[in-house]
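Novice: Could you have a look at this structure, given as structure tokens, before my questions?
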């Protein structure tokens, strides 16, 4: 064998040898990329030196000198660029997380609707999917934003479908419970109840697998989640005072306000992404063969158990991977906030670039933040996917 | 005696057949469905007449903005009075027939080549000629056509241009990246993986920002590249990563035997890919590819953010004119329907291809 190989090696010219060729290709590619990179970087350095733009991330410490309309943490124009960018990241996270939750719910509902045996409902679902899927999300954002400004009246004539809720072109204002020490305890009680319910469900499942005895963990969990906070609220003196938004001057004071920018962004993102999720959910449910539900029914399961124990766990495996990429798309599309003036990360970074001229650092930061978000989402979804994957015996 | 043979056919109850039967089995089967149907009908009865009243009965169609503000219904005049600016943007008014003809050529070429059985060398040449004619019409400067700067290209022609060339150029790049990702050479594989994952992890808007604010820094002094071209490159780079992932799916779905058979015939890598693997792999991924292309088409609307005047931005600038402010619903509905027509026909096409492919698979 060895001798034949040697003979073979002697006969072929080295550029005809697959291995050598591979190495040559790779070296050439690497050199080409390195050369282009070097060329671009040296150009950037030249240009920045000529336009006297600073380089490096030193600007993060400097004073930002611009205001941000919506902020979840303390921020003023006197704060640094770094802090402004953090405000932007938090705003991006806020709209993405709320959006992911709502769009998953809406998408699932619409997806199930398109499979409904009711002709009207399934047609409505299909029409929804076709319309929202085929119109650019940016156009939808503009549409909803314009709707807020044009279709809704000013604060003085604000629509008030329910007492304490006002919809005007300044956004949605609604009443929230007035400040009271009880509310923080109620939140704590709710969290505690969730933890207890979680462990109880696990224990109940283990016991059922071991002994076959069932435990009404759903109802008891629900009771815990509702009861414990309620008990805390009563114990703390049952405060009922509300902070109702009131018209003062040209705008509402008090209560909680959701800005038109945030609402339009959330609406657009949720409606757009839900149309894709609906299709994914529909395809997932359809991928389960009819025999599965027939088999489940023939062993005497009730309809709701057929769905929750047989169909859904299997459909979920088909649904999760494409769902992940849609949720990632929602996060990435939230960057369109810049077009309607919601101060998300891209907008703050864009302002920073305009003021400092440090485009390279600014764009690098944008990419870094979104890459991190994408990575975190896919790590979480992969973990979840692994958890629900078929365990082969 | 013959009574037995003359038994009349027993018809099913009238309520189970015909319109009644259909209504019963599709709308009122079960309590829950009945309630749902009634709720939907009630809501529809409340809103559909209102909408028709607004959109058609009280609406005005060919008036000035002033009369629009007085009308109670929809103001479609915002569309009809500004249609030429909306569609062609800043293209010189007297030469707007040129982009119109170019668009008609493009769309009819696309419709003609929808069936892949017609794809042959001759069609390729026809496409080359068509592209040349379209470029000539847009740019001018030859045969007595007045030259028009690319900065004046706007409206629907710009949207179509960005998406068509974005798709056209990103496709081979995407295929190359997918092959690179499947490659056994570690360096090439690493570059492809980094490229694909990096681009897919960031929003298109960062690429567009890069093209508009960062790219000028990359060029040596004195060299400038047209803004439209820079946006075009950003779209190509972005779309290619998505095409690559779709194509990779096709390559992975190929039977290993195909690779082995190609190798045993003594084909080298390029022959193997060009003659055996890619023709099959690309065909099975036509439906998801069309999906990527639809997103690319919709994503061209993002150039609004870097101040290019595509059809969405011309609409926005019409709405900024005081005469027409306040009619965004009507104007946006018009633009939305244009996007809808293009995207919907593309998705119908992908469904047609899908059913065609499934039909073929069954025949085997």
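Novice: Report, by residue number, each residue of the range B:136-160 that is in a helix (DSSP H, G or I) and within 9 Å of residue B:88 (Cα to Cα). Reasoning before the result, please.
Specialist: If we filter the range B:136-160 for residues that are in a helix (DSSP H, G or I), which is where we start, we get B:136-139, B:150-152, B:156-160.
Passing the criteria: B:156, B:157, B:158.
Novice: Given (1) touching a strand residue (DSSP E or B) at 6+ places or on another chain (Cβ under 8 Å); (2) not in a loop (DSSP other than H, G, I, E, B), identify the lone condition not met by residue B:52.
Specialist: Going through the list (1) touching a strand residue (DSSP E or B) at 6+ places or on another chain (Cβ under 8 Å); (2) not in a loop (DSSP other than H, G, I, E, B), residue B:52 breaks only (1).
Novice: Continuing with the same structure: Go through the range B:306-338 and give me each residue that's at the interface with chain A (Cβ under 8 Å from one of its Cβ atoms), within 21 Å of the chain's Cα centre (by Cα) and crowded, with 21+ Cβ neighbours inside 10 Å.
Specialist: B:312, B:332, B:335
Results for (1) modelled with pLDDT of 85 or more; (2) part of a helix (DSSP H, G or I); (3) over 20 Å from residue A:267 (Cβ atoms), shown as yes or no for each residue.
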| site | (1), (2), (3) |
| --- | --- |
| A:163 | no, no, yes |
| A:166 | no, no, no |
| A:188 | yes, yes, yes |
| A:213 | no, no, yes |
| A:218 | no, yes, yes |
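Novice: Consider residue A:146 against the criteria (1) touching a helix residue (DSSP H, G or I) at 6+ places or on another chain (Cβ under 8 Å); (2) part of a helix (DSSP H, G or I); (3) within 12 Å of chain B (Cβ to nearest Cβ); (4) closer than 30 Å to residue B:28 by Cβ: it satisfies all of them except one. Which criterion is unmet?
Specialist: (4)
Novice: Still on this model: For the range A:150-174: of the residues being within 14 Å of chain B (Cβ to nearest Cβ) and touching a helix residue (DSSP H, G or I) at 6+ places or on another chain (Cβ under 7 Å), which is surrounded by the most Cβ atoms within 10 Å (Cβ to Cβ)? Let's see the steps before the verdict.
Specialist: Pass one, the range A:150-174, residues within 14 Å of chain B (Cβ to nearest Cβ): A:150-154, A:169.
Restricting the remaining residues to those that are touching a helix residue (DSSP H, G or I) at 6+ places or on another chain (Cβ under 7 Å) gives A:150, A:169.
Working: A:150: 14, A:169: 16.
Ranking the qualifying residues of the range A:150-174, first place goes to A:169.
Novice: Do we find that residue B:175 is in contact with a helix residue (DSSP H, G or I) (Cβ under 6 Å, 6 or more places away or on another chain), away from chain A (no Cβ under 14 Å), part of a helix (DSSP H, G or I) and within 30 Å of residue A:150 (Cβ to Cβ) in this structure?
Specialist: no
Novice: Now, a different point. Within the set of pairs 6 or more residues apart or between chains, which connect a residue that is not assigned by TED's automatic domain parsing to the domain that holds residue B:109 inside the range B:159-178 to a residue that is buried (at least 20 other Cβ atoms within 10 Å of the Cβ) and not in a helix (DSSP H, G or I) with Cβ atoms less than 6 Å apart?
Specialist: Close Cβ pairs (under 6 Å, with a partner that is buried (at least 20 other Cβ atoms within 10 Å of the Cβ) and not in a helix (DSSP H, G or I)) amount to B:159/B:310.
Novice: Please work out if residue A:66 is touching a residue at least 60 places away in the same chain (Cβ under 8 Å) and not in a helix (DSSP H, G or I). Before the answer, list the steps.
Specialist: Numbers: touching a residue at least 60 places away in the same chain (Cβ under 8 Å): yes; not in a helix (DSSP H, G or I): yes.
Against the criterion (touching a residue at least 60 places away in the same chain (Cβ under 8 Å) and not in a helix (DSSP H, G or I)), residue A:66 qualifies.
Condition check ((1) more than 20 Å from residue A:259 (Cβ to Cβ); (2) outside the structural domain of residue A:377 (by TED's automatic domain parsing); (3) in contact with a strand residue (DSSP E or B) (Cβ under 8 Å, 6 or more places away or on another chain)) across all residues:
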| position | (1), (2), (3) |
| --- | --- |
| A:34 | yes, yes, no |
| A:46 | yes, yes, no |
| A:71 | no, yes, no |
| A:91 | no, no, no |
| A:105 | yes, no, no |
| A:127 | yes, no, no |
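Novice: Looking at (1) within 14 Å of another protein chain (Cβ to nearest Cβ); (2) in contact (Cβ under 8 Å) with a residue 12 or more places away in the chain, can you tell me which one residue A:73 breaks?
Specialist: (1)
Novice: Any idea which residue in the range B:212-230 is surrounded by the fewest Cβ atoms within 10 Å (Cβ to Cβ), counting only those that are in a helix (DSSP H, G or I) and touching a residue at least 40 places away in the same chain (Cβ under 8 Å)?
Specialist: Filtering the range B:212-230 down to residues in a helix (DSSP H, G or I) leaves B:212-218, B:227-230.
Now narrow it down to the ones that are touching a residue at least 40 places away in the same chain (Cβ under 8 Å): B:212, B:227-229.
Values: B:212: 19, B:227: 18, B:228: 19, B:229: 12.
Filtering the range B:212-230 for residues that are in a helix (DSSP H, G or I) and touching a residue at least 40 places away in the same chain (Cβ under 8 Å), the one surrounded by the fewest Cβ atoms within 10 Å (Cβ to Cβ) comes out as B:229.
Novice: Evaluate the range B:128-139: report whether one residue or more is touching a residue at least 12 places away in the same chain (Cβ under 8 Å) and touching a strand residue (DSSP E or B) at 6+ places or on another chain (Cβ under 8 Å).
Specialist: Checked against the condition, which is being touching a residue at least 12 places away in the same chain (Cβ under 8 Å) and touching a strand residue (DSSP E or B) at 6+ places or on another chain (Cβ under 8 Å), the range B:128-139 yields no hits at all.
Novice: Where residues in the range A:339-359 are more than 12 Å from residue A:84 (Cβ to Cβ) and surrounded by fewer than 19 Cβ atoms within 10 Å (Cβ to Cβ), which of them is farthest from the other protein chains (Cβ to nearest Cβ)?
Specialist: A:341
One line per residue, one yes/no per condition, for (1) farther than 29 Å from residue B:348 by Cβ; (2) at pLDDT 75 or above; (3) surrounded by 13 or more Cβ atoms within 10 Å (Cβ to Cβ):
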residue	(1), (2), (3)
B:62	yes, yes, no
B:72	yes, yes, no
B:76	no, yes, yes
B:87	no, yes, yes
B:93	yes, yes, no
B:96	yes, yes, yes
B:102	no, yes, yes
B:132	yes, yes, no
B:138	no, yes, yes
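Novice: Next question. From the list A:97, A:106, which one is more than 14 Å from chain B (Cβ to nearest Cβ), modelled with pLDDT of 80 or more and exposed (fewer than 15 other Cβ atoms within 10 Å of the Cβ)? Steps first, answer last, please.
Specialist: Working: A:106 fails: exposed (fewer than 15 other Cβ atoms within 10 Å of the Cβ).
Going through A:97, A:106 in turn, just one is more than 14 Å from chain B (Cβ to nearest Cβ), modelled with pLDDT of 80 or more and exposed (fewer than 15 other Cβ atoms within 10 Å of the Cβ): A:97.
Novice: Shifting gears a bit: Within the group A:306, A:360, which residue is touching a residue at least 40 places away in the same chain (Cβ under 8 Å), part of a helix (DSSP H, G or I) and farther than 22 Å from residue A:136 by Cα? Don't jump to the end; show me each part of the working.
Specialist: Details: A:306 fails: touching a residue at least 40 places away in the same chain (Cβ under 8 Å).
Answer to the check: A:360.
Novice: When the range B:240-263 is examined, which residues are found to be more than 14 Å from chain A (Cβ to nearest Cβ) and over 13 Å from residue B:277 (Cβ atoms)?
Specialist: Those that are more than 14 Å from chain A (Cβ to nearest Cβ) and over 13 Å from residue B:277 (Cβ atoms): B:240, B:243, B:244.
Novice: Looking at the structure I just gave you, is residue A:312 surrounded by fewer than 16 Cβ atoms within 10 Å (Cβ to Cβ), away from every other protein chain (no Cβ under 12 Å), within 30 Å of residue A:117 (Cβ to Cβ) and within 27 Å of the chain's Cα centre (by Cα)? Show your work before the answer.
Specialist: Values: surrounded by fewer than 16 Cβ atoms within 10 Å (Cβ to Cβ): yes; away from every other protein chain (no Cβ under 12 Å): yes; within 30 Å of residue A:117 (Cβ to Cβ): yes; within 27 Å of the chain's Cα centre (by Cα): yes.
In short, yes.
Novice: I'd like the residue in the range A:175-201 that is surrounded by fewer than 16 Cβ atoms within 10 Å (Cβ to Cβ) and in contact with a strand residue (DSSP E or B) (Cβ under 7 Å, 6 or more places away or on another chain) and, out of all such residues, is farthest from residue A:164 (Cα to Cα).
Specialist: By that ranking, first place goes to A:178.
Novice: Looking at (1) assigned to a helix (DSSP H, G or I); (2) at the interface with chain B (Cβ under 10 Å from one of its Cβ atoms), which one does residue A:126 not meet, given that it meets all the others?
Specialist: Failed condition: (2).
The values are calculated or read from the model by the stated rules, or taken from the named source; none is laboratory data. Remember, it's a predicted structure, so these values are computed and weren't measured experimentally. Quick reminder, even Gly has a Cβ in these numbers, built from the backbone with ideal geometry, and neighbours come from all protein chains shown.
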